[in-house]
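Participant: Just dropping this structure here.
Only the coordinates and a few stated rules stand behind these numbers; no lab work does. Note that the structure is a prediction, hence the values are computed from the model and not measured. Neighbour counts run over all protein chains shown; Cβ positions are idealised from the backbone, glycine included.
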Amino acid sequence: MKRSKVWDAIFLAPCIIALIMVVLIPFVQGVSFSLTDWNGVRSEIHYVGFDNYKEMFNSIEFLYSFRITLLYTLINVIMVNIVAFLLALLVTSRVRGKNLYRAAFFVPNLIGGIVLGYTWQFMFNDFFTAIGKSLGIGWMSSSMIANKNLVLLAMSIVNTWQYAGYIMLIFVAGIQSTSQEVMEAATVDGASYIQRVIKILIPMIASSFTISLFLTITNSFKAFDLNVALTNGGPSMRYMGSVVKSSQLLALTIYNKSITSKELAKGQALSVVFFLMLVVFSLLQVYLSKKREVEA
Amino acid sequence: MADALHLDAVGQKQQHSKAKRIVLEIFAIILMLVVLSPFVIVLFNSAKTFDHITRDPVSPPENWENLRINIEAVMHDPTTDFIGAFKDSAIITALSLVVIVIFSSMAAWVLVRNKSKFSNFTFMLFVAAMVIPFQVVMYPLVYFLKSVGDFLGTRMLGTYHGIIFAYLGFGCSLSIFVFHGFIKSIPLALEESAFIDGCSQPGVFFKIILPLLVPTITTVAILNGIWIWNDYLLPLLVLGGNGEVQTIPLAVTAFAGAYVKQWNLIMTAALLAMVPIVVLFIFAQKYIIRGMVEGAVK
């Protein structure tokens, strides 16, 4: 007996058919819808070229959503990676019961964004404000997610609380794969703990930082579930003379355009731009990790 | 004399580092309590009456009997079928995992062993598809699945098989990628001797390769399982917000929409949604943590 082409085809077929039908055909359709004026329901469709794209780049709602998505991503990249790295140092130090802490810090990751969103909505709107009022702390008496200046920070706090435990595991894997000898030699040479971490440990686990950085970027950039359940885009505010939703990130903007307000073609155009930005992030990641492999 | 002095210095240093360790441990315990506190807050507030939670969302419950009352109220709610949602979520997650694991490992095996331009291209296609965000395909997918269903004379929207098929499409890329990496390290000699012994191709795969893949299967099942169990947008679009088949995230959203501000009941619903996966984590912690790390690092 030998391998046969027929069996190879049968083995490949289910995944290829599913990929084509679920991802590739809808993707091509999605891109072509963005060049039309279709609303998703009506039967007539007209080709409009790049009108939807032109309109989008002049739309204040889009520009605002784009801006806050980048801001939200930036805040998260900084907060998640710093917190995760410090947690990783803690759970690889000499403390007893490391596995317990590791597991505990990871638990928030198991729960979906929808359930966490409602939980934290209650925490911000009722729990913290009740504490603030009873202790007479002014800034704590009003909800962070009802404040247009603080809502993104509130979402980032929840995201950090949820995601840092996962990124921590990646740093832990990196730290565990480095040799202890180098660190010990540096100790003997009289390097302080902080010097050892900055000058030796961080360069040694640079590849863990690349992975963590890009995981955090894509995770925050694509955020949807938490956004829906925690704030649903609110509160509204004025921005460059228009009313916008102060915490409506790109993924939610696309959903609201395509599905809720039945402007499918415009939503599709926005999603294509969203896709292109993710392509840029991915190419950058591939380039950086390839470069590191060559250097190593 | 010199020895005694030296020992004294070592002893002091050890005492000093022991004190440092204890400070670090106290810090770790406090941090752990802070990270876990939202779960305690959910539990406490699930055991309050509406009156109590409105008056005081902070303190512990007065009477734990309310927890049972709230759970029953959520479970027997006339608008949202929570028990049904648990069942549907379990069926959809379990069957999607079986389908993804079997079909992706089969495809990855062929892509590794059949060295051709076509294999390379197909593998790159699967990997590239991972970059496509759900937002680009969500509406066309619903539209296309509907017409496919009409064509085949079966419903693809609002059914188990429809959503499982969708999960295969979205889940197979990463899974093939993970399996591909592992299968490359399996020596070819193993399967060649089986072929010589007259074993058929499916026989070689299911009897020889699949058993070797068990550790990788755990990784793939964990990565996909956590995602599918918690997923919201795909079920919302493919099953519908109030269809016959409902998953837990859909039920929680529907419930929160119907009981605005009745936080004691919403917290109970959140608690019920959290329990299964946390219990699973307690028992399979080691595998889950390993699976999540392997999936990310690859």
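Participant: Which aspartates and glutamates, if any, have their Cα less than 14 Å from the Cα of residue A:98, not counting same-chain residues under 8 positions apart?
Facilitator: Cross-link targets: B:25.
Participant: Taking R0 as 45 Å, what's the FRET efficiency between residue B:33 and residue A:242 from their Cβ-Cβ distance, rounded to 0.05? Let's see the in-between values first.
Facilitator: Values: r = 44 Å, r/R0 = 0.99.
Rounded to the nearest 0.05, the efficiency is 0.50.
Participant: For chain A, what does -39500 (n - 2.57) per DSSP helix run (n ≥ 4), summed and divided by total residues, give at 222 nm, in deg cm²/dmol to the nearest 500?
Facilitator: -20500 deg cm²/dmol
Participant: May I ask you to compute the full-extension gain from residue A:199 to residue A:46, defined as 0.36 nm times their residue separation minus their alpha-carbon distance, rounded to one decimal in nm? Write out the running numbers ahead of the final one.
Facilitator: Numbers: separation 153, 0.36 × 153 = 55.08 nm, distance 6.03 nm.
Separation in residues times 0.36 nm, less the Cα-Cα distance, equals 49.0 nm.
Participant: Would you tell me the mean number of C-beta atoms belonging to other protein chains that fall within 10 Å of each C-beta in A:83-92, as a whole number?
Facilitator: 1
Participant: Given a 10 angstrom Cα cut-off, can you work out which residue in B:132, B:164, B:228 is the most mobile in a GNM of chain B?
Facilitator: Among B:132, B:164, B:228, the largest GNM mean-square fluctuation belongs to B:132.
Participant: Hey, another quick one. Any aspartates and glutamates with Cα under 17 Å of the residue A:199 Cα? List them, leaving off those in the same chain fewer than 8 positions away.
Facilitator: Filter leaves A:181, A:184, A:189.
Participant: Order by neighbour count: B:176, B:29, fewest other Cβ atoms within 10 Å first, most last.
Facilitator: Lowest to highest Cβ neighbour count: B:29, B:176.
Participant: Then there's this: So which aspartates and glutamates pass the test for residue A:148, namely a Cα distance under 19 Å, with those fewer than 8 places away in the same chain ruled out?
Facilitator: Output for residue A:148: A:61, A:126.
Participant: Does the range B:82-258 come out rounded, prolate or oblate, given a ≥ b ≥ c as the square roots of the eigenvalues of its C-alpha gyration tensor, rounded meaning a/c under 1.5 and, failing that, prolate meaning a/b above b/c? Working shown, then result.
Facilitator: Details: a/c = 2.32, a/b = 1.96, b/c = 1.18.
Judged from the Cα gyration tensor, the range B:82-258 comes out prolate (a/c at least 1.5, a/b above b/c).
Participant: Which of the trypsin sites (Lys or Arg not before Pro) found in the range B:64-156 are loop residues per DSSP with 10 or fewer other Cβ atoms within 10 Å of their Cβ?
Facilitator: Answer by residue number: B:115.
Participant: To continue, here is another question. If R0 is 51 Å, what FRET efficiency do you get for residue A:20 and residue B:75 from their C-beta distance, rounded to 0.05? Spell out each step's value before the answer.
Facilitator: On the way: r = 41 Å, r/R0 = 0.81.
The pair residue A:20/residue B:75 has a calculated efficiency of 0.80.
Participant: I need A:240, A:277 ordered by Cβ neighbour count within 10 Å, fewest first.
Facilitator: The fewest-first ordering by Cβ neighbours comes to A:240, A:277.
Participant: Looking only at Cβ-Cβ distances, which cysteines of the protein assembly as shown have no other cysteine closer than 4.7 Å?
Facilitator: If one checks each Cβ against the other cysteines of the protein assembly as shown, B:199 turn up with nothing under 4.7 Å.
Participant: In addition: At 7 Å along Cα-to-Cβ for each site, give me the label-to-label distance between residue B:193 and residue B:118 in nm.
Facilitator: Distance between label points: 3.1 nm.
Participant: Filter the chymotrypsin sites (Phe, Trp or Tyr not before Pro) in the range A:6-114 down to the DSSP loop ones having no more than 14 other Cβ atoms within 10 Å, then list what survives.
Facilitator: Taking the range A:6-114 and a limit of 14 other Cβ atoms within 10 Å, the loop chymotrypsin sites (Phe, Trp or Tyr not before Pro) found are A:50.
Participant: Rounded, prolate or oblate: which one fits the range A:1-63, using the alpha carbon gyration tensor with axes a ≥ b ≥ c (rounded when a/c is under 1.5, else prolate when a/b beats b/c, else oblate)?
Facilitator: It is prolate, given that a/c is not under 1.5 and a/b is the larger ratio.
Participant: Shifting gears a bit: Order of A:261, A:212 from fewest to most other C-beta atoms within 10 Å?
Facilitator: Ordered from fewest to most neighbouring Cβ atoms within 10 Å, A:261, A:212 come out as A:261, A:212.
Participant: Averaged over B:127-134, how many beta carbons belonging to a partner chain fall within 10 Å of each residue's beta carbon?
Facilitator: 6
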